[in-house]
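Below you'll find the structure, written out as structure tokens, and then a few comments.
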Amino acid sequence: MYAFEISGIKVKVCFSFFAVVCLTCLLGADSGKMLIMLACCALHECGHLAAMLLCSRKPTELTLYGGGIKLTPCKKLNSFGGDAFILASGCAVNFLLAFVSCLLIGRLTFFAQVNLLLGGFNLIPTGFLDGGRLIGLIFGDSKARIIKTIFAILIASLAATAIFFGGVSVSLLCVLAYMCLSIFAA
């Protein structure tokens with residue numbers, strides 16, 4: 001891991017980030033599309049950053065890892081509304097960018113598709129995504145665990161159905177398995 005500091009924010013770049021990017025390129029991903037995907041991830045985090053700054057919370061850490069980009073705010077607690085605003089802002093930016101892109105270009109572009117997918121994916125109620133953290137904020141830890149467990153069972157059922165009918169990619173199954181394991185491990 002490579003780490004440095006910019007304006008009091010610790011920046012970490014993990015080997016896994018470059019490994020995923022390189023592996024994706026080696027497996028035939030278009031480098032232009034890869035840049036669009038990385039830009040959409042960065043814009044998602046910029047949404048969180050803007051909300052943090054509006055709520056007078058400075059980020060303490062920015063991490064680039066195999067799962068994407070993670071922005072960690074300071075531990076100072078905000079109000080319920082402020083925390084919810086910060087958590088929802090990344091997805092809101094993705095949905096707004098997709099909408100504006102479709103409005104300006106007149107069709108669903110790759111940029112818009114990636115933003116819709118990224119915004120929707122981050123709303124999934126698992127512990128480490130924005131949706132899981134929002135569920136915990138709204139319902140509290142005990143009720144959130146029940147909701148996350150029900151969601152994990154639904155994901156496992158979806159994966160089993162997809163395997164049975166043969167209509168799913170290996171990468172999607174890996175993501176679903178990882179999500180189920182992370183929910184049950186938490």
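Every read-out reported here was derived from the displayed coordinates using simple, explicitly stated rules and does not represent laboratory data. Note that this is a predicted model, so its numbers are computed, not measured. In this analysis, Cβ positions are derived from the backbone assuming ideal geometry, glycine residues included, and neighbour counts consider all displayed protein chains.
Helical content alone sets the calculated 222 nm signal of the chain at -23500 deg cm²/dmol, taking -39,500 (n - 2.57) per DSSP H segment of four or more residues and averaging over every residue. Within the chain, the whole DSSP H helices whose Cα atoms reach 30 Å or more along their own axis and whose mean Kyte-Doolittle score is at least 1.6 are 80-105. Inter-label distance, Thr72 to Phe99: 3.3 nm, where each label sits 7 Å from its Cα along the C-beta direction. Taking a Cβ cut-off of under 12 Å around Gly127, the surrounding Lys, Arg, Asp and Glu residues balance to a net charge of +1, with basic ones at +1 and acidic ones at -1. Of all DSSP-defined beta bridges confined to the chain, some 75% are antiparallel rather than parallel.
When the Cα convex hull of region 1-100 is projected onto planes of every orientation, the mean area is 7.3 nm².
Recomputing Cα extents along the principal axes in Å from the coordinates shown identifies the correct label among [x] 50, 34, 25; [y] 50, 43, 40; [z] 100, 37, 29 as [y]. FRET efficiency for the pair Asp141 and Ile6, taken as 1/(1 + (r/R0)^6) with r the Cβ-Cβ distance and R0 = 30 Å, rounds to 0.35.
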